[in-house]
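Participant: Got a structure for you, written out below as structure tokens; questions coming shortly.
The values are calculated or read from the model by the stated rules, or taken from the named source; none is laboratory data. Model, not experiment: these values are computed from the prediction. Virtual Cβ from ideal backbone geometry, glycine too; neighbours counted across all protein chains shown.
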Amino acid sequence: MFGKFERTVAKRYLKAKRKEGFISVITGFAFTGIALGVATLIIVMSVMNGFRSELLGRILGINGHIGIVSNSGMPFNNYKQAIADINLIDNVEQAIPMIEKQLLVSSGRAAEGAMIRGLRREDIENKETLRNGVAAINMDEFVENNVLVGYRLAQKMGLVTGDEITLISPNGKITAFGTVPRMKSYRIAGTFNLGMYEYDANFIFMPLDTAQTYFGIGDTVTNIDVTLKNPEQLNQTRMIIRDGIGDGAYIFDWKQSNAAFFNAIDVERNVMFLILTLIILVAAFNIITGLIMLVKDKGRDIAVLRTMGATKGMIMRIFFMDGAFIGVVGTAIGVILGVLFCENIENIRQFLQNISGRELFSAEIYFLSRLPAQINPNEVIMIVLISLLLSFLATIYPAYRAAKMDPVEALRYE
């Protein structure tokens, strides 16, 4: 399609002479614009993908895919049989009984609101995210009158392993003088780090039997969490559980619990894609500007080539190759920069954070303690195709203008 003649001339035109330095600058801007646009788009989309995937993984790793609570507001008194039945379902990996209630934590020096979660030791050790979060703790100490505290909550309250905290529940004993808050002191057996701010800063884990005793609810639980082997079969499994349990419980899944949050992430992701695509579009206009100026500057050369027998098609292909080269090389550089940045994004964040002295990814705002990035090959291919398409379209008009140039008129005004 492109002969040796067109390739040779196109290559020479890309190497601007000293007097054509301004054209070279515009071409450089076009290269840079496309490369930065593609790199930025890959980085932002990868970070959004990583953020969603990491957050989803943490949430599901801590809470499970399906939650079950009592419709009446009373605890489950037959939870052991319910869990045994749920575990018989093929797609169920693990069913965890728990007690979850909100209360006040006091250490004598500080007081904070917190969420108590009563769990069995074996359930913590069988769930990967929880197991990793307590890896530094001696779980032999997770026994009666001992609790595990989120490390950020411990930092806020100035607590360390071995300290005592007092748990204060408003649902206390009813006396002749009113309701007396339930209070009891517990020893901190260790601090866990789940890598998600909301849990590390607000949760306390307590042995299930200890929580049952503290809240005075006997051998019952308030929640049952179900983790699935195949999340794609969520709806089918949920229907099976509902049919087995009946109307005595309310069943919900992670999509319902976090629908607003993940919808907001998806909307932001789509908007960012559209906005950042404009960067590539602006770079494409730089290609048009550079090529038009190149056509104007090479008017005499084009006229000479035409008089020597070059066809309009040849002239058009010459300038099309120049524009396409800018688009292809700029896109390739952008892909390389974007992928390298994503692969080292946490190191780059730490480096910039150390230089600036400011926290660039606050866990309090973004819920996660590290900056994630997950490259989606299909998205990268789509970004490359969009960049190349815009680049090729940008070359059409300047190339057509060069081909339509009248040799006589070009030589007359030189």
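Participant: Have a look at Ala283, Ala303 and point out the one that is farther than 16 Å from Leu56 by Cα, touching a Pro at 6+ places or on another chain (Cβ under 6 Å) and touching a residue at least 12 places away in the same chain (Cβ under 8 Å). Give the steps one after another, and end with the answer.
Facilitator: Details: Ala283 fails: touching a Pro at 6+ places or on another chain (Cβ under 6 Å).
From the options Ala283, Ala303, the qualifying one is Ala303.
Participant: If you check Ala111 against the conditions, is it loosely packed, with under 15 Cβ neighbours inside 10 Å and within 17 Å of Thr222 (Cα to Cα)?
Facilitator: Working: loosely packed, with under 15 Cβ neighbours inside 10 Å: yes; within 17 Å of Thr222 (Cα to Cα): no.
Here the answer is no, as Ala111 does not meet what is asked.
Participant: While we're here: Working only within the stretch 376-414, note down all residues that are at pLDDT 85 or above and assigned to a loop (DSSP other than H, G, I, E, B).
Facilitator: Within the stretch 376-414, just Asn376 meets the criteria.
Participant: Hey, another quick one. Which one of these is under 24 Å from Leu234 (Cα atoms) and without any contact (Cβ under 8 Å) to a residue 12 or more places away in the chain: Ala84, Ala95, Ala135?
Facilitator: Details: Ala95 fails: without any contact (Cβ under 8 Å) to a residue 12 or more places away in the chain; Ala135 fails: under 24 Å from Leu234 (Cα atoms).
The unique qualifying residue is Ala84.
Participant: Do you know which residues across the stretch 324-336 are more than 22 Å from Tyr400 (Cα to Cα) and either crowded, with 24+ Cβ neighbours inside 10 Å or outside the structural domain of Ala283 (by TED's automatic domain parsing) (or both)?
Facilitator: Hits for the stretch 324-336 are Gly330, Thr331, Gly334.
Participant: For the stretch 38-75: of the residues being modelled with pLDDT of 80 or more and over 17 Å from Pro377 (Cα atoms), which is surrounded by the fewest Cβ atoms within 10 Å (Cβ to Cβ)? Talk me through it step by step, then tell me what you get.
Facilitator: First, the residues of the stretch 38-75 that are modelled with pLDDT of 80 or more: 38-50, 62-69.
Within this subset, residues satisfying the condition of being over 17 Å from Pro377 (Cα atoms) are 62-69.
Values: Ile62: 19, Asn63: 21, Gly64: 24, His65: 23, Ile66: 23, Gly67: 20, Ile68: 26, Val69: 17.
Per the criteria, the residue is Val69.
Participant: Also: Looking only at the stretch 307-320, how many residues end up being touching a Lys or Arg at 6+ places or on another chain (Cβ under 8 Å) and surrounded by 17 or more Cβ atoms within 10 Å (Cβ to Cβ)?
Facilitator: Quick first cut of the stretch 307-320, residues touching a Lys or Arg at 6+ places or on another chain (Cβ under 8 Å) only: 312, 315.
Still in the list and also surrounded by 17 or more Cβ atoms within 10 Å (Cβ to Cβ): 315.
Looking only at that region, the number is 1.
Participant: Which count do you get for residues in the stretch 377-396 that are surrounded by fewer than 16 Cβ atoms within 10 Å (Cβ to Cβ) and within 18 Å of the chain's Cα centre (by Cα)? Reasoning before the result, please.
Facilitator: Let us first name the residues in the stretch 377-396 that are surrounded by fewer than 16 Cβ atoms within 10 Å (Cβ to Cβ), namely 377-378, 381-382, 385, 389, 393, 396.
Checking the rest, the ones that are also within 18 Å of the chain's Cα centre (by Cα) come to 377-378.
Residues flagged as surrounded by fewer than 16 Cβ atoms within 10 Å (Cβ to Cβ) and within 18 Å of the chain's Cα centre (by Cα) within the stretch 377-396 amount to 2.
Participant: Condition check: touching a Ser or Thr at 6+ places or on another chain (Cβ under 9 Å) and acidic (Asp, Glu). Does Asp200 satisfy that? Walk me through how you get there before you give the answer.
Facilitator: On the way: touching a Ser or Thr at 6+ places or on another chain (Cβ under 9 Å): yes; acidic (Asp, Glu): yes.
Considered against the rule, which asks whether it is touching a Ser or Thr at 6+ places or on another chain (Cβ under 9 Å) and acidic (Asp, Glu), Asp200 comes out as yes.
Participant: How many residues are hydrophobic (A, V, I, L, M, F, W, C), within 24 Å of Thr166 (Cα to Cα) and within 30 Å of the chain's Cα centre (by Cα) if we restrict to the stretch 89-112?
Facilitator: Applying the first criterion (hydrophobic (A, V, I, L, M, F, W, C)) to the stretch 89-112 yields 89, 92, 95-96, 98-99, 103-105, 110-111.
Add one more test, that the residue is within 24 Å of Thr166 (Cα to Cα), and what stays is 98-99, 103-105, 110-111.
This time we only want the ones that are within 30 Å of the chain's Cα centre (by Cα), so: 98.
Number of matching residues: 1.
Participant: Which of the residues that make up the stretch 203-251 are surrounded by fewer than 21 Cβ atoms within 10 Å (Cβ to Cβ), out of contact with any Ser or Thr (no Cβ under 8 Å at 6 or more places or on another chain) and of a type in the set (Gly, Ala, Ser)?
Facilitator: Across the stretch 203-251, the qualifying residues are Gly216, Gly218, Gly244, Gly246.
Participant: Modelled with pLDDT under 85 and either outside any helix (DSSP H, G or I) or not acidic (Asp, Glu) (or both): which single residue out of Ala373, Ala332 fits that description? Explain how you work it out, then say what you get.
Facilitator: Working: Ala332 fails: modelled with pLDDT under 85.
Criteria check complete, one pass: Ala373.
Participant: OK, next. Pick from Gln212, Gln233: which is under 34 Å from the mean Cα position of the chain (by Cα) and not hydroxyl-bearing (Ser, Thr, Tyr)?
Facilitator: Values: Gln212 fails: under 34 Å from the mean Cα position of the chain (by Cα).
When all the criteria are applied, what remains is Gln233.
Participant: Among all residue pairs at least 6 apart or on different chains, which show Cβ distances below 9 Å where the first residue, located in the stretch 21-43, is more than 28 Å from Lys296 (Cα to Cα) and the second is at pLDDT 75 or above and not in a helix (DSSP H, G or I)?
Facilitator: Ile42/Ile375; Ile43/Ala373
Participant: Shifting gears a bit: I need the full set of residues from the stretch 51-67 which are in a helix (DSSP H, G or I) and not polar (S, T, N, Q), in order please.
Facilitator: Step one: of the stretch 51-67, the residues in a helix (DSSP H, G or I) are 51-63.
Residues satisfying the conditions are Phe51, Arg52, Glu54, Leu55, Leu56, Gly57, Arg58, Ile59, Leu60, Gly61, Ile62.
Participant: While we're on this one: Answer yes if at least one residue in the stretch 316-323 is out of contact with any Gly (no Cβ under 9 Å at 6 or more places or on another chain), among the charged types (D, E, K, R) and assigned by TED's automatic domain parsing to the domain that holds Met405, and no otherwise.
Facilitator: Taking the stretch 316-323 as the starting set, the residues that turn out to be out of contact with any Gly (no Cβ under 9 Å at 6 or more places or on another chain) are 316, 318-321.
Among the residues that remain, those that are also among the charged types (D, E, K, R) are: none.
For the stretch 316-323, residues out of contact with any Gly (no Cβ under 9 Å at 6 or more places or on another chain), among the charged types (D, E, K, R) and assigned by TED's automatic domain parsing to the domain that holds Met405: absent.
Participant: Which of the strands (runs of 3 or more DSSP E) found entirely inside the stretch 68-171 contain at least 3 residues meeting this: out of contact with any Ser or Thr (no Cβ under 9 Å at 6 or more places or on another chain)?
Facilitator: Numbers: elements: 92-106, 111-119, 146-150.
It comes to 111-119.
Participant: From the list Glu232, Glu198, which residue is among the charged types (D, E, K, R) and free of Cβ contacts under 8 Å to residues at least 60 places away in the same chain?
Facilitator: Values: Glu198 fails: free of Cβ contacts under 8 Å to residues at least 60 places away in the same chain.
It is Glu232.
Participant: List every residue pair whose Cβ atoms lie under 7 Å apart, where the two residues are 6 or more positions apart in sequence or sit on different chains, the first residue falls within the stretch 105-127 and is within 17 Å of Gly64 (Cβ to Cβ), and the second residue, located anywhere, is of a type in the set (Phe, Trp, Tyr).
Facilitator: Filtered contacts from the stretch 105-127: Met115/Phe203; Arg117/Phe203; Arg117/Phe205; Leu119/Phe205.
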